[in-house]
Amino acid sequence: MLHSSRIKIYKTFATILETLKCLFLNSYSNFKNDLEIYLSEKVFLVPQARVGIFYVLKYLKEEKNINSVFISPYTNIDVINAIRYANLNIEFIDINLNTGYPTNLKEEIKKPDESCLIITHLYSNTNMITEFIKETNSIKNLEIIEDTAICFGAKYNNIFLGKLFNYGVYSFGLVKNLTTFFGGAVVTKDAKFKSFYENQIKNNIDFPKLIILKKLIYTIIVKILFESKLIFNLLTIYLLKFAYKNETNFLYKSFYHQKFPKIENKITKNYFLNFPFFLSNIGCRALSECDKHINIRFEKALYYFKSLSGIDEILLPKLDIKDKQVNAYLEYPIILKESKKNLLLHLRKKKIYIRHVWYENNNKFFNFTKKSLKNCNKLSESLICLPCHIDIEKDYQKRIIEEIQSYFKQIK
């Protein structure tokens, strides 16, 4: 019997029932306070992480005369749209494959006092972050925003990611390790940001409960399809087979909206919502389990690394015991020397359905640069994610590893 370990929604059916209660009873704890205690930092709650990036960028533009944003286009396209909505110039720069961070910063950023840099913690380990900090320390007056959407709770030298540079943004979306279904947060030591942000959101409206209700229904459907072994074997696996027949059917497009983005020119309504405070109880419960889950996922990522490190055709983000808390390890990405298509096809034939797309090289959707950005292209074409969530069984991990090893033996 097969069991999909591709995704994990960190919500049990008990917490789904609790969420329903929160929607109707309006009785909630102080999630913001718990979050500030956990992070030892002032927190500004936002309806989504992208909205947090938007407000930080507006602040930098209006208060610090920043006019350009440097970012690697291998990221969530919603981040790119947030920059567009803030009316800042976008400068795409390539990624360093060895670190996952933007590369050639000194050559690319000619006027750091008029620029800011957005980084995403992709597959960071301790050495990668150390190397990147050394590089950025050599560039004076550069404001840096950490997109820490996939890394809440991760630490570098006992400092939370999101607090390493000027501004940090977290996401509490549905598949994140700390989830309130929707929501996110900004952290910063810039004292002037507080009054700016409070003035910006004074006319925002309460988060619509109907959106959460719809997300709850979606959550239940996904949990039934992907977390029940019986349903997965009777139904889900056939839906997946249909989805992967080609990239034009509606199921494939719903799985990988990053490949088929809707590029809005006008700022969308979600940017003018408040954080869903009525889900604070859900956030507090999830917050209490973050550290435990990071430790569990690290062990699963480390198992992949140790098992696959002998394959020359794969570039593996290195892991060591010192990296135990430096990432949230929602998934473990591996970068192939060749295109990922053949390996993914091989795995599907063995009834293993790995996520095909993490991010896209969004350069192809815009005209911000004519440079090739070859490493961003490489990640789009050759990076796949191996599941690390807390319920994945060791036997299933072993099976994934054995099939990857088998594939590379065949092609030699």
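Overview of values
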item	result
Average projection area in nm² (convex hull over Cα atoms of region 19-146, one quarter of hull surface)	9.9 nm²
Linear extension gain, Gln410 paired with Lys194, 0.36 nm per residue minus alpha-carbon span	72.0 nm
Accessible area of the chain belonging to carbon and sulfur atoms, whole % at 1.4 Å probe	51 percent
Sequence-distant residues sharing a close amide H with Ser72 (under 5 Å, placed H)	Ile93
Calculated on alpha-carbon atoms, Rg and Dmax of region 268-402 in Å	18.1, 50
25 Å Cα cut-off, lysine pairs counted over region 40-134 (separation 8 or more, or different chains)	16
Antiparallel content of DSSP bridges confined to region 88-210, in %, to 5	50 percent
³J(HN,Hα), Karplus 6.51/-1.76/1.60, whole Hz, each residue of region 299-311, x for Gly, Pro	4, 6, 5, 4, 5, 4, 4, 5, 6, 9, 5, x, 9
Size of region 226-342 as Cα extents on the principal axes (Å, biggest first)	49, 41, 39
Gain in span if fully extended, Asn65 to Ile263, counting 0.36 nm per residue against the direct Cα distance	68.6 nm
Average Cα contact separation per residue, the chain, under 8 Å, 6 or more apart, as relative contact order %	24 percent
Cα gyration tensor shape for the chain, rounded if a/c is under 1.5, else prolate or oblate	oblate
Restraint check, Lys176/Lys269; Lys266/Lys371; Lys324/Lys370, Cα-Cα greater than 29 Å	Lys324/Lys370
Gyration tensor verdict on region 157-278 (Cα atoms; rounded if a/c is under 1.5, prolate if a/b is larger than b/c, oblate otherwise)	prolate
Extension reserve of the Asn89-Lys349 stretch, reckoned as 0.36 nm per residue once the Cα distance is removed	89.1 nm
Lysine pair number, Cα distance threshold 15 Å (strictly under), region 201-253, separation 8 or more or different chains	4
Estimated FRET transfer efficiency when R0 is 41 angstrom, pair Lys111-Lys318 (beta carbons, to 0.05)	0.75
Share antiparallel - DSSP beta bridges, the chain, percent rounded to 5	55 percent
Average silhouette area of region 187-248, convex hull of alpha-carbon atoms, in square nanometres	8.3 nm²
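The values are calculated or read from the model by the stated rules, or taken from the named source; none is laboratory data. Worth saying up front: this structure is predicted, and the values here are computed from it rather than measured. Backbone-built Cβ (ideal geometry, glycine too); neighbour counts: all protein chains shown. Each accessible area value is taken on the protein alone, full model and side chains, heavy atoms only, with ligands, DNA and RNA left out. Shrake-Rupley method; radii C 1.70, N 1.55, O 1.52, S 1.80 Å.
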